[in-house]
Every structure is written in structure tokens, then in C-alpha cells.
Amino acid sequence: MEHTCDAETEAFLADDDVIYTATQIFDALSDFTRFQILGALSLGERSVTELQEVCHVSQSAVSHQLRLLRDRGLVTARREGQRSIYAIADEHVVTLIQVGLEHAGHTFEEA
């Protein structure tokens, strides 16, 4: 199967900064807990406590992973009283999660 590469993709591939940022995004996605966090957030906003329940890890572990995800531009946070509420940064992140899950599900079905 032949894949075509558009002009925008070619330009991005020629830009070392874009490639570096893309590899940092995929590095963040490669961690089990971070992927769980992003998956939960792709369904809606969550607090640290709610994410802790989803991921079955400590509050400090969730907070640590959220800090990395914020640094990579994958999640945003807002204050709601004493709590921080986290959300997916934009629809591109949701697409990455969905495509990853769909591909994994498809690959799993073929095995």
C-alpha cells in the first residue's frame, strides 16, 4: 500500500523542532498510567482524586504524571476551589488516544 505525504507533512518532517516535540508526545503516550489518564480525560474532565481511582495509583503518582502531561502540552488544568480539574488540551490528543486504542483493538482481534 502506498502512502502519500502532503506538503505540510513534508515541511514538518524538515523541522527538527517539530520532530522533537512529536517524539516527546509519543514518549508521554508510551507510559501505561499516562495513557490511562489521557484515556479517562478523553471522556471528560477529571480531578486528581477521580484519576487516582481510574488508574489505581497514589495521588502523588497521578500528580507526577499530570505534571509531565502538562509540560508536554497534552493536558490543561483549572482551579475549582481547592481542587485542580484536568482536561485534554485539544482534539488532536483525543484523536491520538482513539487511534491508538482502535489500532490496538484491531491488532488484538487479528491475533
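The sole residue among Ala14, Ala28, Ala40 that is under 14 Å from Gly73 (Cα atoms) and small (Gly, Ala, Ser) is Ala28.
The requirement of being at pLDDT below 95 and exposed (fewer than 11 other Cβ atoms within 10 Å of the Cβ) is satisfied by Glu110. Taken as a whole, segment 78-101 holds at least one residue that is among the hydroxyl-bearing types (Ser, Thr, Tyr) and assigned to a helix (DSSP H, G or I). Of the conditions (1) basic (Lys, Arg); (2) under 16 Å from the mean Cα position of the chain (by Cα); (3) surrounded by fewer than 11 Cβ atoms within 10 Å (Cβ to Cβ), Arg79 fails just one. Which one is it? Of (1) basic (Lys, Arg); (2) under 16 Å from the mean Cα position of the chain (by Cα); (3) surrounded by fewer than 11 Cβ atoms within 10 Å (Cβ to Cβ), only one is false for Arg79: (2). Of all the residues that make up segment 5-40, how many are among the hydrophobic types (A, V, I, L, M, F, W, C) and more than 13 Å from the chain's Cα centre (by Cα)? So the answer is 8.
Being at pLDDT below 95 and part of a helix (DSSP H, G or I) is a property that holds for Thr9. Close contacts from segment 17-40, counting a first residue that is under 11 Å from Leu69 (Cα atoms) and a second that is open to solvent by 50 Å² or more (accessible area, probe 1.4 Å), with Cβ to Cβ under 7 Å and a gap of 6+ residues or different chains, come to Gln24/Arg72; Ile25/Arg72; Ala28/Arg72; Leu29/Phe35; Leu29/Leu96. The listed residues are Arg72, Arg79, and the only one of them that is over 15 Å from Gly100 (Cα atoms), touching a residue at least 40 places away in the same chain (Cβ under 8 Å) and out of contact with any Lys or Arg (no Cβ under 6 Å at 6 or more places or on another chain) turns out to be Arg72. If the condition is being out of contact with any helix residue (DSSP H, G or I) (no Cβ under 9 Å at 6 or more places or on another chain), open to solvent by less than 60 Å² (accessible area, probe 1.4 Å) and not hydroxyl-bearing (Ser, Thr, Tyr), then segment 25-52 contributes only Gly44.
When you scan segment 49-63, do you find a residue that is of a type in the set (Ser, Thr, Tyr), without any contact (Cβ under 8 Å) to a residue 24 or more places away in the chain and not in a helix (DSSP H, G or I), even just one? Yes, there is a match, as at least one residue in segment 49-63 is of a type in the set (Ser, Thr, Tyr), without any contact (Cβ under 8 Å) to a residue 24 or more places away in the chain and not in a helix (DSSP H, G or I).
Residues that are open to solvent by 40 Å² or more (accessible area, probe 1.4 Å) and under 17 Å from Asp27 (Cα atoms) were ranked within segment 53-67; the one that is farthest from the chain's Cα centre (by Cα) is His64. Within segment 51-79, the set of residues being acidic (Asp, Glu) and more than 14 Å from Thr33 (Cβ to Cβ) comprises just one member, Asp71.
The values are calculated or read from the model by the stated rules, or taken from the named source; none is laboratory data. In this text the structure is predicted, and so the values were computed from the model without any measurement. No Cβ is skipped: glycine too gets one built from the backbone with ideal geometry, and neighbour counts run over all protein chains shown. These area figures cover heavy atoms from the full protein model, side chains too; ligands, DNA and RNA do not enter into them. Shrake-Rupley method; radii C 1.70, N 1.55, O 1.52, S 1.80 Å.
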